[in-house]
């Protein structure tokens, strides 16, 4: 009876002393906090060392970047780690106090800390590599795209094994093993009262230091690092785009609304129009669309297709000679034509001997030969439009490169109603198609191309078993073969080929010829002492890309297609890799790219006026204007101006919206009146170039958007384009994005969206 009553009795509530004891046990969990935090910081050491060494190479205080970077990492890693480990561990100690439970807690902390170590190491190395290549840490927008692409994730893994990371990582692994061993030994034994106090105090200090931004402001402790944005944790840039924090919008369609909400005066908008190569008179039309002008009205940025360069004294000679060349080649010819436009991944001019005389000539013999060829126009003073492929695809196809906050029109603004090169060529009867080695969905490329009526052929659309290179994408040689094999023999085409083998982490293509590898090794032996094996890997894929291009041109020469083909070859952008050759100018090398127009022998032989061609080509080579990749659409259209295909475009569709710079009679940069072109270099700095090839680089980068205050602190060169975007978004983009406003083929199909 008594026993039954006892069994039915309610459980005893803990007394006040027991509650205090449990709370103290919970608090003692803080003594374990330094373990995961220390491991997370150790995981950042390899990346931070590489970044500090890179800054030291450029004359900046490497040790300050290293120390300030680790503090920035602590600020963001610390709280996350503490929440993930201290609370569960403290709870375990609250409810269990046995020795066995303590040992089990040690196992949990050890395993979880090791997992955090690996995750932090992978993220840190990937982020630092991105920083070295582009000048910016990855944002949430880019991270989301990258993690959504299997090819990108798998293809980027070799970055972790680059020489500059793995050697330091081995030292970190040894240090981590020592920390975990010490912790395991410590956790198995009861601590003295002094040990408990020390553990608690150390954990509390970690919590305070990690959570209080004031303590880790690098501009206070390390003023020569240039501000917290240079050394803050990349986790910060990722999280800023994830959450709708006050005054923040991610780089998605929200950017449209963000620019639409801004107010600028007419002078700022005019400055933006001119900086992007548009006439100031377009402002009245943009404002008219802000007052609900119907979308059937003429495009506010429409410019005539014929001799649109007139009025530009500097570029008129080049453009006029390109039109003269078009007449010499195509006057009176009615057969199909094929335009091959090749954008070679990260193929910078500084490594081409024809453009940088101290570079080894054996590295890029094909490109050197093209610059000497009598059937090619080698432009030696061409600069990129933006620091990523997405920006320069916008340049090469639409004539618009750098925009504020590192926005790429092809990637970040959705369907932007610009009448681009594929739209005009489609109306001329050329079937536009793009070839890419990997997944075209990355960087919104596939949606952008489809919007402009381009048929897309990516890596997944090609046969299995083809040779591969970087990212596991189809190698350059195989990509060119696929493009040649799929070319039509009876219709006109525009083939835009984006290569990938030159992309980091510079994986050796599986079809790398031994003689090319030997040439690359010979060239690498001439590099500067500061270069390492990673630089040699980049030179190897560059030599391979050059060889693959030469093979493609040779096959085209022997093909029936050669008689009707024009080939436009350029890089998509330069790189921020270490300069390797004496005499290199860093500011120029980060933006200077090759650009060559190649005429196959069979085309010249069958030209309408073959006797005129050599003289015109000689004049074009003599002009050698300073140009931007944003001028490319205008150059291509001038070269095709006399073809029967272009002449058949109906009068109402004989317009384009190419921006351009040196080829535009409307271009001017108010902040730099002497500038001939401008853009964002491969380290995300805004630059400009004048006629004397003097290059000016701003101190501030073209940063990814993080909060609205940046509109007020924006680089002076970018304020005009920001004002233009505001007017264009409010006046046309939000209401008139349908394809029917871009191509007559889309209008006839009723494709209005």
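The values are calculated or read from the model by the stated rules, or taken from the named source; none is laboratory data. Just so it is clear, the model here is predicted, and its values are computed rather than measured. Cβ sites come from the backbone with ideal geometry, for glycine too, and all protein chains shown count toward neighbours.
Just a few scattered comments:
- Residue count for segment 498-515, restricted to those that are farther than 15 Å from residue 155 by Cβ, surrounded by fewer than 21 Cβ atoms within 10 Å (Cβ to Cβ) and touching a residue at least 12 places away in the same chain (Cβ under 8 Å): 2
- Put simply, of 266, 308, 320, 313 the only residue that is surrounded by fewer than 15 Cβ atoms within 10 Å (Cβ to Cβ) and either under 21 Å from residue 428 (Cβ atoms) or modelled with pLDDT of 90 or more (or both) is 266.
For every residue, the table says whether it meets (1) assigned to a helix (DSSP H, G or I); (2) within 25 Å of residue 58 (Cα to Cα); (3) modelled with pLDDT of 75 or more; (4) within 30 Å of the chain's Cα centre (by Cα).
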residue	(1), (2), (3), (4)
125	yes, yes, yes, yes
136	no, yes, yes, yes
152	yes, no, no, yes
156	yes, no, no, yes
159	yes, yes, yes, yes
169	yes, yes, yes, yes
179	yes, no, no, no
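- Taking (1) in a loop (DSSP other than H, G, I, E, B); (2) surrounded by fewer than 16 Cβ atoms within 10 Å (Cβ to Cβ) in turn, residue 699 satisfies each apart from (1).
- Qualifying residue in segment 527-536 (condition: assigned by TED's automatic domain parsing to the domain that holds residue 366, surrounded by fewer than 24 Cβ atoms within 10 Å (Cβ to Cβ), within 25 Å of residue 595 (Cβ to Cβ) and within 22 Å of the chain's Cα centre (by Cα)): yes
- When 343, 353 are checked against the criterion of being without any contact (Cβ under 8 Å) to a residue 24 or more places away in the chain, in the same structural domain as residue 483 (by TED's automatic domain parsing), in contact with a helix residue (DSSP H, G or I) (Cβ under 9 Å, 6 or more places away or on another chain) and not in a helix (DSSP H, G or I), 353 stands alone in meeting it.
- Selection of helices (runs of 4 or more DSSP H) fully inside segment 393-494 by the criterion of at least 1 residues being in contact with a strand residue (DSSP E or B) (Cβ under 7 Å, 6 or more places away or on another chain), at pLDDT 95 or above and more than 28 Å from residue 136 (Cβ to Cβ) returns 421-427, 476-485.
- Taken over segment 271-280, the criterion of being more than 28 Å from the chain's Cα centre (by Cα) and either part of a helix (DSSP H, G or I) or crowded, with 24+ Cβ neighbours inside 10 Å (or both) is satisfied by no residue.
- Taken residue by residue, segment 303-316 has at least one member that is part of a helix (DSSP H, G or I), within 27 Å of residue 690 (Cα to Cα) and either assigned by TED's automatic domain parsing to the domain that holds residue 577 or in contact with a helix residue (DSSP H, G or I) (Cβ under 8 Å, 6 or more places away or on another chain) (or both).
- Filter pass, residue 735 being out of contact with any helix residue (DSSP H, G or I) (no Cβ under 7 Å at 6 or more places or on another chain) and either more than 24 Å from residue 591 (Cα to Cα) or in a helix (DSSP H, G or I) (or both): yes
- Condition check for residue 429: on the phi > 0 side of the Ramachandran plot and without any contact (Cβ under 8 Å) to a residue 24 or more places away in the chain: no
- Which listed residue is at pLDDT 65 or above, farther than 17 Å from residue 236 by Cα and surrounded by fewer than 19 Cβ atoms within 10 Å (Cβ to Cβ), from 56, 101: 56
- Flag if residue 83 is in a helix (DSSP H, G or I) and either under 30 Å from residue 579 (Cβ atoms) or at pLDDT 80 or above (or both): no
- Candidates 668, 632: the one that is outside the structural domain of residue 416 (by TED's automatic domain parsing) and in contact with a helix residue (DSSP H, G or I) (Cβ under 7 Å, 6 or more places away or on another chain) is 668.
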